[in-house]
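Read the structure below first, then the notes.
Bear in mind these aren't lab numbers, they're just calculated from the coordinates by the rules spelled out. Treat the numbers as computed from the prediction; the structure is a model and nothing was measured. All Cβ positions, glycine included, derive from the backbone under ideal geometry; neighbour counts span all protein chains shown.
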Amino acid sequence: MSTATLDAPTTDAAILPFTVTFIIRRFDPEVDDEPRWQDFDVEMYSTDRVLDALHKIKWEQDGTLTFRRSCAHGICGSDAMRINGRNRLACKTLIKDLDISKPIYVEAIKGLPLEKDLIVDMEPFFASYREVQPFLIANSTPEPGKERVQSIAKREIFDDTTKCILCAACTSSCPVFWTDGQYFGPAAIVNAHRFIFDSRDDAANVRLDILNDKEGVWRCRTTFNCTEACPRGIEVTKAIAEVKQAIMRGKP
Ligand code: SF4
Ligand code: FES
């Protein structure tokens with residue numbers, strides 16, 4: 001394709017901008033007693049994402065708008081938020097996939113302490129994650145220069161749960177977690193699953209004991225909110241069910 005073609009102005013209606021109204025739940029702990037909703041009208045293109053809208057608001061309208069983001073490409077997991085009542089990554093939510101005939105509501109994820117605007121304190125979430133020992137624990141050492149060998153079939157068993165990016169969309173969409181912040185939550189169980197079913201790991205029973213707690217897997221009510229929320233398409237509820245089975249029957 002020539003440069004002239006690339007630079008040529010176009011009148012294609014599909015790429016004309018349009019105005020979208022965002023209603024964002026704001027909270028500044030130094031000023032506000034309670035969160036408040038604030039409207040912003042933003043010029044957007046259908047190929048823009050909600051993260052682009054937040055950037056435009058911050059850079060052009062209100063520099064105090066506060067949110068987390070890093071990679072902007074669905075990998076770092078830092079921009080999970082509630083968009084029109086559903087947990088999603090702002091960087092993976094295209095404007096064209098939302099109903100822009102109505103305002104788009106954006107707020108922080110639920111169940112974790114609100115710090116400012118769209119930012120919550122993630123420490124309780126990461127505390128549960130750390131508690132399940134999300135790292136390989138092996139009793140043996142491979143021969144010098146050798147790897148820990150694993151068959152394709154055994155790797156496949158926990159493939160789904162390796163995809164977690166720790167965005168907290170699942171845990172913060174879970175009604176049990178909303179009412180009981182002590183519950184480990186789906187993300188911690190997903191990351192325990194990733195090692196419980198790893199044939200190279202020797203600490204499955206330790207993790208199963210940890211999750212056989214009153215705040216462990218038995219609190220799950222199988223509402224599937226977590227599976228619906230996961231931006232990585234992980235079958236979170238299925239992973240939780242597999243951990244429950246492993247507690248009852250032992251690691252397969
Ligand atoms: S399981 Fe999915 S929704 Fe939950 S933290 Fe991991 S990537 Fe996010
Ligand atoms: S900014 Fe990294 S996942 Fe969205």
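Scanning segment 52-71 for residues that are more than 16 Å from ligand 1 (Cβ to nearest atom) and of a type in the set (Gly, Ala, Ser), we see that the one that is nearest to Asp39 (Cα to Cα) is Ala53. Being touching a residue at least 60 places away in the same chain (Cβ under 8 Å), in contact with a helix residue (DSSP H, G or I) (Cβ under 8 Å, 6 or more places away or on another chain), within 14 Å of ligand 1 (Cβ to nearest atom) and of a type outside the set (Phe, Trp, Tyr) is a property that Gly185 has. Contact map, segment 35-55: residues that are within 19 Å of Leu16 (Cβ to Cβ) and within 11 Å of ligand 2 (Cβ to nearest atom) paired with residues that are outside any loop (DSSP other than H, G, I, E, B) and not hydrophobic (A, V, I, L, M, F, W, C), Cβ distance under 8 Å, separation 6+ or inter-chain. Pairs shown: Arg49/Lys92.
Within segment 153-171, the set of residues being within 16 Å of ligand 2 (Cβ to nearest atom) and farther than 13 Å from Tyr129 by Cβ comprises Lys163, Ala169. Does segment 129-136 include one or more residues that are under 17 Å from Thr21 (Cα atoms) and within 14 Å of ligand 1 (Cβ to nearest atom)? There is no residue in segment 129-136 that is under 17 Å from Thr21 (Cα atoms) and within 14 Å of ligand 1 (Cβ to nearest atom). Within segment 113-129, residues that are free of Cβ contacts under 8 Å to residues at least 60 places away in the same chain sit with their Cβ atoms under 8 Å from residues that are buried (at least 18 other Cβ atoms within 10 Å of the Cβ) and of a type in the set (Val, Ile, Thr), at 6+ positions apart or across chains, in these pairs: Pro113/Val120; Val120/Ile109.
Would you be able to say whether some residue in segment 92-100 is within 16 Å of ligand 1 (Cβ to nearest atom) and farther than 30 Å from Glu215 by Cβ?
Yes, segment 92-100 has at least one match.
Scan segment 106-117 for residues that are under 18 Å from the mean Cα position of the chain (by Cα), more than 16 Å from ligand 1 (Cβ to nearest atom) and either surrounded by 17 or more Cβ atoms within 10 Å (Cβ to Cβ) or under 15 Å from Phe40 (Cβ atoms) (or both) and the total you get is 4.
The set of residues in segment 122-131 that are over 18 Å from Ala169 (Cβ atoms) and in contact with a helix residue (DSSP H, G or I) (Cβ under 7 Å, 6 or more places away or on another chain) contains only Glu131. For segment 230-252, filtered to residues that are among the charged types (D, E, K, R) and in contact with a helix residue (DSSP H, G or I) (Cβ under 9 Å, 6 or more places away or on another chain), the residue that is farthest from Gly185 (Cα to Cα) is Lys251.
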